[in-house]
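Below: the structure, in structure tokens.
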Amino acid sequence: MLRCTACGREYSLRKPYQRCECGEPLELKLFEGFAGIGKSVWERFVQFFPFELDLDLSLGEGDTPLIRARKLSKKLGVQLYLKNETVNPTWSFKDRGTFLGIHRALQLGFDKVGTVSTGNMAASVAAYASKAGLKAYILVSSNIAEEKLKQIAVYGAEVIKVRGDYGKLYYESLKLGQKLGIYFINSDDPFRIEGYKSISFEIVEEIMPDYVIVPTSSGGLIRGIIKSFLELKKSELIDRIPTFVCVQAEGCSPIYKAFIDGKEKIERFENPHTRAHAIENPYPPSGNAVLRLLKKLNGICVAVSDEEILKAQRMLAQEGIFVQPASATGIAAVKKLREEGRIKGDERVVSILTGAGLKTLHQLGRFEVRECEMEKLKDCLV
């Protein structure tokens, strides 16, 4: 059964329910099990997923590296680890959720899928739909960057620029999907959440963190990460859960604003403006669910400025990792929390790097590039 994260109402798995009548997102029960043996995370943690997974639908997502950031650990004064989701097939964490979402669409008999996205999720759904032989409809905002359109269109998806209030498009897509027979694998689809759980499973195979830092837009990723830690705890595979840190950009931070104001529900963030476009969601569909989880589990919510984000992006580049600005918000948050004394120096911190910098090349400034005549090359190398 699917259950509402707010009111607890239950829904049948036989129909494509995604949100409760009360307006809040649905989720599956907490699973229990044990870790097995297998090449992929999907095989090792098979008992924690809602159905048997067909690896023929996989593009090789998951099992990404957890990197000890030695330079940044020293600079920030923590034991910092980077969960590098940029190496997934379409260069973001979205591939994990899309893999499960495609399974759900096929399970329900759909031959058409879609999503509402201007970046990571758009490319992911387009790629996985192509692999599965499904028609894909990708709804994007009218001002999407040209380089992003190419990343999506190359997979053969139908890309539609939508004029109007992009914040309402998520809900409109679900309504039209029911009428037109399109399964929209949107940001906090219950089965997309299940795919994101695999990140936590991989983390605990290597270390038990004290903090997990999650850049947050719609709220789907942090919900999946929290759910998996709760399942691991329930299954007695871990004896505690870490502190979860929800990070937003100051220029679009509806969850953070509600959190610090002590409110139960988010409000639409007016006039959003941030370089971290991948988390620029003025009215996140899982915002209220994230607030409830943070309150229940004594989590933290923090907002960081664009200046802090861009500095963190350069800091990560010094570790040899090029991420999009949204991914760098986690490092900016660690720096802020460390300076405030809310994270101690002997604690293990995992920051989720959500997407690759190659997706946002247009946002980079100019870099100095030297030119040199062949005869004078020796002088140029000094």
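The values are calculated or read from the model by the stated rules, or taken from the named source; none is laboratory data. No experiment lies behind these values; they were computed from the predicted model shown. As a convention, Cβ positions derive from the backbone with ideal geometry for all residues, glycine included, and neighbour counts pool all protein chains shown. When the accessible area is computed, the model is the full protein with side chains, heavy atoms only, and any ligands, DNA or RNA have been set aside. Shrake-Rupley method; radii C 1.70, N 1.55, O 1.52, S 1.80 Å.
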| message | Suppose we keep only residues that are open to solvent by 20 Å² or more (accessible area, probe 1.4 Å) and touching a helix residue (DSSP H, G or I) at 6+ places or on another chain (Cβ under 7 Å) within segment 201-236. Which one would you say is farthest from Asp188 (Cα to Cα)? | response | Val204
| query | Can you find a residue in segment 345-359 that is of a type in the set (Lys, Arg) and open to solvent by 40 Å² or more (accessible area, probe 1.4 Å)? | reply | yes
| request: Quickly run through segment 39-68 and pick out the residues that are touching a strand residue (DSSP E or B) at 6+ places or on another chain (Cβ under 9 Å) and not hydrophobic (A, V, I, L, M, F, W, C). | output: Pro50, Thr64, Pro65, Arg68
| note | In the set Ser124, Ser142, the lone residue that is in contact with a Lys or Arg (Cβ under 6 Å, 6 or more places away or on another chain) and exposed (fewer than 15 other Cβ atoms within 10 Å of the Cβ) is Ser142
| query | What is the one condition in (1) without any contact (Cβ under 8 Å) to a residue 24 or more places away in the chain; (2) within 30 Å of Met315 (Cα to Cα); (3) of a type in the set (D, E, K, R) that Glu61 does not satisfy? | reply | (1)
| query | Among the strands (runs of 3 or more DSSP E) confined wholly to segment 42-133, which include 2 or more residues that are within 20 Å of Gly224 (Cβ to Cβ)? | reply | 79-84, 112-116
| Taking Gly195, is it modelled with pLDDT of 95 or more, within 25 Å of Pro325 (Cα to Cα), out of contact with any Pro (no Cβ under 8 Å at 6 or more places or on another chain) and crowded, with 20+ Cβ neighbours inside 10 Å? | yes
| Test: residue in segment 366-375 that is closer than 24 Å to Ser198 by Cα and either part of a loop (DSSP other than H, G, I, E, B) or touching a helix residue (DSSP H, G or I) at 6+ places or on another chain (Cβ under 6 Å) (or both) | no
| remark: The residue that is farthest from Leu100 (Cα to Cα), considering only those in segment 177-201 that are hydrophobic (A, V, I, L, M, F, W, C) and in a helix (DSSP H, G or I), is Leu180
| field | Pairs where the first residue, in segment 76-88, is without any contact (Cβ under 8 Å) to a residue 40 or more places away in the chain and the second is among the acidic types (Asp, Glu), C-beta under 9 Å, 6+ apart | value | Asn88/Glu61; Asn88/Asp95
| request: Please verify whether segment 26-35 includes one or more residues that are open to solvent by 30 Å² or more (accessible area, probe 1.4 Å), in contact (Cβ under 8 Å) with a residue 60 or more places away in the chain, out of contact with any Lys or Arg (no Cβ under 9 Å at 6 or more places or on another chain) and not small (Gly, Ala, Ser). | output: yes
| task | Just give me the residues in segment 245-266 being farther than 25 Å from Gly357 by Cβ and either buried (at least 19 other Cβ atoms within 10 Å of the Cβ) or out of contact with any Phe, Trp or Tyr (no Cβ under 8 Å at 6 or more places or on another chain) (or both), in sequence order. | result | Pro254, Ala258, Phe259, Ile260, Asp261, Gly262, Lys263, Glu264, Lys265, Ile266
| said: Suppose we keep only residues that are out of contact with any Asp or Glu (no Cβ under 8 Å at 6 or more places or on another chain) and among the small types (Gly, Ala, Ser) within segment 263-290. Which one would you say is farthest from Lys148 (Cα to Cα)? | reply: Gly287
| Number of the condition not met by Ser12 [criteria: (1) open to solvent by 50 Å² or more (accessible area, probe 1.4 Å); (2) out of contact with any Phe, Trp or Tyr (no Cβ under 7 Å at 6 or more places or on another chain); (3) not aromatic (Phe, Trp, Tyr)] | (1)
| For the subset of segment 273-325 comprising residues that are assigned to a loop (DSSP other than H, G, I, E, B), over 17 Å from the mean Cα position of the chain (by Cα) and of a type in the set (A, V, I, L, M, F, W, C), which member is nearest to Asp261 (Cα to Cα)? | Leu297
